[in-house]
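Please read the structure below before turning to the comments.
The values are calculated or read from the model by the stated rules, or taken from the named source; none is laboratory data. It should be emphasised that the depicted structure is a prediction, and the values quoted were computed from it without experimental measurement. Every residue, glycine among them, receives a Cβ derived from its backbone with ideal geometry; neighbour counts consider all protein chains shown.
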Amino acid sequence: MSPEYPFDEAATARVVVDDTGTVVGWNEGARSLLGWAPPEVVGRPVGELLAGGRPPAPTGPRWDGTLALRHRDGRTVRVWLLAHHRPALHDTPGTWLVVTPLASDGHRTSDAPLDTAALAQVPCAVAVYDERLRLVRVNDAMAAAIGLPEERIRGLRLSEIGGRPQSAELETHMIRVLANGRAEDVQIYTRTGGEERAHAWLARFKPVIDARGRVRGVCLAAHDFTENYLARERLRLVNEASVRIGSTLDVTRTAQELAEVCVPALADFVSVDLLDPHDGGDPPARLVAPLELRRAAHHSVNPGNPMAVAKPGDVLLYPAGSPQADSLIAGRTIVASVDELNAWLAWDTLRGERVREFGIHSTMSVPIRARGATLGVAVLTRYRRPDPFTPDDVLLAEEITARAAVCVDNARRFSRERDTALALQRSLLPRSLPETVAVDAASRYLPAARAGVGGDWFDVIPLSGMRVAMVVGDVVGQGIQASATMGRLRTAVRTLADIDLAPDELLTHLDDLVVRLSEEAGGEGSPGEVGASCLYAVYDPVSRRCTMARAGHPPPLLLRPGGTPHRIDLPAGPALGVGGLPFESAELELAEGSVLAFYTDGLLASGERDAEAGHRLLSEALAVYSDSLDETCDRVLHALLPAGGVADDVALLLARTRGLPAAQVATWDIPADPALVAPIRKQVVEQLARWEMSEASFTAELVVSELVTNAIRYGAHPIRLRLIHDATTLICEVSDTSHTAPHLRRAKTWDEGGRGLLLVAQLTQRWGSRHTAEGKTIWAELGLFEEE
């Protein structure tokens with residue numbers, strides 16, 4: 001023997017028998033007791049060692065009793081045996097450890113220090129072990145805790161008496177005490193052989209010292225502090241629940257956190273089923289069996305949750321008599337044993353099979369209620385823990401569930417508000433982009449994963465003269481307020497675009513609007529309450545020139561045919577809402593097939609990545625541009641955005657430019673003589689015939705006549721007429737250098753004029769005027785398909 005391993009293996013007869021009744025282990029102590037060598041008995045049925053009768057059939061984890069055994073020399077030996085069952089683990093079958101102390105062990109005189117220690121040193125449940133860590137004495141309290149009399153277990157080791165993994169762990173402490181002579185304290189929660197349910201023990205190991213100061217053994221004093229331990233565990237669990245439950249505003253994740261907190265502290269398996277909300281977004285007020293509940297989450301001590309009868313997301317039907325339906329309808333916690341659920345389990349055969357397979361013996365159904373509404377039910381189940389649920393368990397489960405219910409309700413309310421805001425946001429954004437002659441366009445919008453929708457928007461707006469406006473913006477903040485502000489700004493941009501303002505002028509008017517919105521939001525005119533950024537660009541497919549301006553917004557990227565993506569050098573301009581500062585525009589010529597990428601800053605900055613790194617990734621994604629703009633949008637989002645969602649909402653708009661062929665444009669300079677209007681009309685008719693559009697000649701002739709005549713009478717020279725057409729539209733434009741624009745009015749009966757523009761408005765799809773650097777342009781659109 002050594003201090004590191006003081007055990008005398010031959011002092012105990014130890015036999016291991018598997019669940020089939022075959023001997024798989026035989027030590028030297030068993031050989032000393034019955035005379036059989038290990039090769040003679042290992043692998044043989046244990047029944048062959050009995051002198052008569054059948055082997056016992058234990059029903060619990062421990063058995064003890066006296067059996068008549070057959071010695072190798074033929075005589076019968078009556079031996080008291082203690083057996084501990086070790087359950088099957090994974091692929092390892094279950095076994096029984098059978099032990100008995102040898103009769104020669106443990107006889108000492110009454111004045112030995114090991115005998116007197118149990119009486120003199122500790123006045124509680126005490127056991128004294130000798131230098132070989134064999135039991136010498138126990139007092140009555142320890143014998144009651146063990147559940148066996150002293151004379152039966154004297155000479156056994158602690159691991160042999162307990163038969164549990166915790167017992168073997170305690171022996172390591174005893175070895176250290178025996179070796180170094182220093183006391184050790186250990187806390188353990190277990191069920192001893194003499195207890196019906198587990199208790200918390202403070203085990204104090206102290207060396208037993210003789211008169212010469214030598215360590216002669218170890219004294220074990222065990223203090224039962226179960227009530228204190230359980231109170232601390234309840235407090236710890238409630239505190240843990242307050243920290244772990246509700247980490248996100250996601251209903252499913254919150255339900256999963258509730259299940260995980262309760263396993264294994266309260267139960268071996270927990271399921272959380274929630275009521276589906278009605279159209280109004282709230283759970284039903286009146287509950288009547290049978291109830292339909294949706295499985296939100298479950299968790300088990302077994303990996304993979306093999307005892308679950310449904311997957312998260314499945315809808316389950318619970319009839320009257322099921323603990324789920326009964327507890328929800330009654331509005332209180334229901335604790336039930338399996339015997340009380342026979343009728344329900346007979347109806348739900350799959351659940352009944354799971355109960356029998358895993359040995360489920362107790363359930364506790366706790367309603368999930370918050371703010372007067374019933375949200376669902378949490379069902380706690382025990383099968384590995386042998387003890388049923390206690391009233392303290394009920395109080396603890398209700399406390400944890402009440403905290404979780406508030407988090408589930410908050411998550412549900414947030415989800416409902418987020419869905420409302422998202423629906424508002426989607427309704428304010430264009431459902432589809434218009435098809436124009438000027439550009440092919442594709443877009444994407446992604447709301448923030450957690451914070452909800454924001455104020456990002458984009459738009460493609462057809463303008464006069466086949467031109468198109470492209471806009472992207474970002475309102476500061478998130479939620480419904482930001483979405484509403486975004487809708488107002490988008491409407492304002494469309495209104496300002498309809499009067500054909502230049503990009504810098506449009507941003508100036510938009511800035512004034514944001515300042516007024518800030519004053520309204522501040523209540524007392526405090527600026528900065530509402531802020532936004534915006535980029536506005538106008539592209540003309542006839543001249544292939546693009547004019548753009550930005551207000552505190554990231555500049556677009558340009559990919560020319562055969563080139564590499566690069567940022568456009570565009571004056572930054574102040575953010576909208578600052579007020580009083582000018583905006584500058586820039587103009588550039590774009591080859592047909594050039595791609596413009598407009599975006600909000602949520603696309604570039606993600607996590608720890610800065611905007612410059614985002615620009616590099618965006619350029620790399622655009623560099624492998626394909627003919628499909630939709631595929632390019634998806635590739636950009638996949639390259640720049642994390643899989644788990646974005647922290648800020650993202651808007652992306654890609655536009656590929658087109659050019660209008662010169663053959664589809666005709667231009668005339670108009671002399672300042674009203675008598676020459678008739679030849680101009682004739683030239684227009686001839687041009688339409690060359691375009692094979694003679695069916696529109698009558699209407700076009702009237703419109704051109706009216707617009708040219710007005711320009712000669714009220715405009716300033718030079719005057720120019722331009723016709724533009726595509727497959728469905730003919731546009732007539734008359735430009736002059738006067739800045740005075742005509743207005744549509746209703747002519748009185750006696751008025752000699754004033755009916756020309758009314759006639760134009762009646763004959764065309766749209767008409768209007770736009771100011772230019774040189775003057776103004778009056779335009780009118782004719783729909784060709786209406787003439788057919």
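Structure summary
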quantity: Matching residues, region 474-511, being of a type in the set (G, A, S) and outside any helix (DSSP H, G or I); calculated: G477, G479, A502
quantity: Flag for S705 being of a type in the set (S, T, Y) and part of a strand (DSSP E or B); calculated: no
quantity: So R182, is it surrounded by fewer than 17 Cβ atoms within 10 Å (Cβ to Cβ), under 30 Å from A296 (Cβ atoms) and modelled with pLDDT of 85 or more; calculated: no
quantity: Restricting region 526-549 to residues that are within 36 Å of the chain's Cα centre (by Cα) and either at pLDDT below 90 or of a type in the set (D, E, K, R) (or both), the residue that is surrounded by the most Cβ atoms within 10 Å (Cβ to Cβ); calculated: V530
quantity: Candidates G60, G65 - the one that is outside the structural domain of I175 (by TED's automatic domain parsing), outside any loop (DSSP other than H, G, I, E, B), under 16 Å from L81 (Cα atoms) and not hydroxyl-bearing (S, T, Y); calculated: G65
quantity: Leading residue by the ranking (farthest from L653 (Cα to Cα)) among those in region 462-484 that are of a type in the set (V, I, T) and surrounded by fewer than 21 Cβ atoms within 10 Å (Cβ to Cβ); calculated: I480
quantity: Residue that is over 20 Å from L429 (Cα atoms) and assigned by TED's automatic domain parsing to the domain that holds D459, where the choices are A502, A537, A492; calculated: A502
quantity: Given (1) free of Cβ contacts under 8 Å to residues at least 24 places away in the same chain; (2) closer than 23 Å to V595 by Cβ; (3) of a type in the set (A, V, I, L, M, F, W, C), index of the condition M466 fails; calculated: (1)
quantity: Cross-chain or 6+ apart pairs with Cβ under 9 Å, region 529-542 first and polar (S, T, N, Q), then surrounded by fewer than 24 Cβ atoms within 10 Å (Cβ to Cβ) and part of a strand (DSSP E or B); calculated: S533/V476
quantity: Tabulated pairs, region 320-331, first more than 13 Å from L345 (Cα to Cα) and touching a residue at least 60 places away in the same chain (Cβ under 8 Å), second of a type outside the set (D, E) and part of a helix (DSSP H, G or I), C-beta under 9 angstrom, 6+ apart or interchain; calculated: none
quantity: Test set (1) among the aliphatic types (A, V, I, L, M); (2) modelled with pLDDT of 90 or more; (3) within 30 Å of N302 (Cα to Cα) - A200 fails condition number; calculated: (2)
quantity: Unmet criterion (only one of (1) assigned to a helix (DSSP H, G or I); (2) among the small types (G, A, S); (3) crowded, with 16+ Cβ neighbours inside 10 Å) for G25; calculated: (1)
quantity: Whichever residue in region 619-635 is aliphatic (A, V, I, L, M) and in contact (Cβ under 8 Å) with a residue 60 or more places away in the chain and, among such residues, is nearest to G602 (Cα to Cα); calculated: L622
quantity: Output for region 253-285, where each listed residue is among the polar types (S, T, N, Q), out of contact with any Lys or Arg (no Cβ under 8 Å at 6 or more places or on another chain) and more than 14 Å from N410 (Cβ to Cβ); calculated: Q256
quantity: Residue count for region 458-473, restricted to those that are in contact with a Gly (Cβ under 8 Å, 6 or more places away or on another chain) and part of a helix (DSSP H, G or I); calculated: 1
quantity: Candidate set from region 667-679 (those that are closer than 24 Å to S543 by Cα and crowded, with 16+ Cβ neighbours inside 10 Å); member that is modelled with the highest pLDDT; calculated: W668
quantity: Strands (runs of 3 or more DSSP E) wholly inside region 576-671 containing at least 3 residues that are closer than 30 Å to I712 by Cα; calculated: 665-670
quantity: Verdict on I360 being under 25 Å from the mean Cα position of the chain (by Cα) and not hydroxyl-bearing (S, T, Y); calculated: no
quantity: Flag if S769 is at pLDDT 70 or above, part of a loop (DSSP other than H, G, I, E, B) and either closer than 19 Å to I670 by Cβ or out of contact with any strand residue (DSSP E or B) (no Cβ under 6 Å at 6 or more places or on another chain) (or both); calculated: no
quantity: Test result for S159, within 19 Å of V99 (Cβ to Cβ), touching a Leu at 6+ places or on another chain (Cβ under 6 Å) and either without any contact (Cβ under 8 Å) to a residue 24 or more places away in the chain or part of a loop (DSSP other than H, G, I, E, B) (or both); calculated: no
quantity: Filtered residues of region 1-25 (kept if under 57 Å from the mean Cα position of the chain (by Cα), under 16 Å from L67 (Cβ atoms) and modelled with pLDDT of 90 or more); calculated: R14, V15, V17, V23
quantity: Selected residue [of a type outside the set (A, V, I, L, M) and in contact with a Leu (Cβ under 8 Å, 6 or more places away or on another chain)] from T349, T381, T363; calculated: T363
quantity: Boolean, V530 is outside any loop (DSSP other than H, G, I, E, B), of a type outside the set (S, T, Y) and over 21 Å from L603 (Cβ atoms); calculated: no
quantity: Subset of region 207-257 that is part of a loop (DSSP other than H, G, I, E, B) and among the small types (G, A, S) - its residue that is modelled with the lowest pLDDT; calculated: A211
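Conditions (1) over 22 Å from E233 (Cβ atoms); (2) part of a strand (DSSP E or B); (3) out of contact with any strand residue (DSSP E or B) (no Cβ under 7 Å at 6 or more places or on another chain), marked per residue:
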| residue | (1), (2), (3) |
| --- | --- |
| E169 | no, no, yes |
| H173 | yes, no, no |
| V177 | yes, no, no |
| D185 | no, yes, no |
| E195 | no, no, yes |
| W201 | no, yes, no |
